[in-house]
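The values are calculated or read from the model by the stated rules, or taken from the named source; none is laboratory data. Note that this is a predicted model, so its numbers are computed, not measured. Glycine also receives a Cβ, built like all others from the backbone with ideal geometry; neighbour counts cover every protein chain displayed.
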Amino acid sequence: MTFNRLRHTFADFAVGDAVVTAGRTVDIGDITTFAGLTGDHYPLHTDEEYCRATPFGGRVAHGPLTYGFAVGLVALSGFLGDAIIAFLECQGLRALAPVRPGDTIRVRAEVAEAAPGSKPHHGTLRIDYTVINQKDEEVMRFRMVLLARRDVPQEQG
């Protein structure tokens with residue numbers, strides 16, 4: 001099921017629930033800004049002349065920049081709503097193809113597992129993120145493990 005409505009608690013998520021986000025075009029300013037913020041000025045990202053002689057033939061976005069955009073696109077979609085208490089882990093992150101200036105990426109996020117926690121106030125969500133470019137090529141994938149708030153019924157007195 002694909003939808004785009006606000007979620008509020010762990011109980012609102014079921015295995016198979018999914019969203020496809022809007023797209024976001026990556027530009028050279030994003031790459032330059034990310035390099036400046038992180039100090040990662042590796043020439044594959046910052047030196048066009050250097051990049052022309054590589055198999056990429058030009059600049060490519062930093063992998064962590066692509067990851068950050070993916071997380072942000074899902075957050076902006078409203079899919080997670082206000083249910084998330086904490087980020088626990090990112091599993092199996094794979095960069096599968098380069099993201100270049102001018103590429104437009106979007107994310108398909110799907111609930112792979114929803115497990116109640118050991119305490120009644122939270123549950124764990126495992127959500128598979130697939131980042132896709134404008135050519136429908138998969139450029140990155142990973143699994144987010146998130147702690148979600150559960151509503152606990154008030155005990156009747």
### Query
From the set of residues in the stretch 126-146 that are in contact (Cβ under 8 Å) with a residue 60 or more places away in the chain and out of contact with any Pro (no Cβ under 8 Å at 6 or more places or on another chain), which is farthest from residue 92 (Cα to Cα)?
134
### Summary
Counted residues in the stretch 118-142 being surrounded by 17 or more Cβ atoms within 10 Å (Cβ to Cβ) and assigned to a strand (DSSP E or B) come to 15
### Message
I'd like to know if the stretch 107-117 contains one or more residues that are assigned to a strand (DSSP E or B), closer than 24 Å to residue 34 by Cα and among the β-branched types (Val, Ile, Thr).
### Response
yes
### Task
Being out of contact with any Lys or Arg (no Cβ under 7 Å at 6 or more places or on another chain), of a type in the set (S, T, N, Q) and modelled with pLDDT of 90 or more is the filter here, so list the residues in the stretch 112-157 that pass it.
124, 133, 134
### Task
Please identify the pairs in which a residue from the stretch 1-22 that is in a loop (DSSP other than H, G, I, E, B) has its Cβ atom under 9 Å from the Cβ atom of a residue that is modelled with pLDDT under 90 and of a type outside the set (Asp, Glu), counting only partners at least 6 apart or on another chain.
13/7; 14/1; 16/1; 17/1; 17/2; 17/3; 17/7; 21/4
### Query
Listed residues 71, 107, 99, 131; which is in contact with a Leu (Cβ under 7 Å, 6 or more places away or on another chain) and either of a type outside the set (Phe, Trp, Tyr) or more than 22 Å from residue 40 (Cβ to Cβ) (or both)?
107
### Query
So residue 27 clears everything in (1) modelled with pLDDT of 95 or more; (2) in contact with a Lys or Arg (Cβ under 9 Å, 6 or more places away or on another chain); (3) of a type in the set (D, E, K, R) except one condition, right? Which one?
(2)
### Message
Can you report the number of residues in the stretch 115-150 which are closer than 30 Å to residue 27 by Cβ, touching a Ser or Thr at 6+ places or on another chain (Cβ under 7 Å) and of a type in the set (Lys, Arg)?
### Response
1
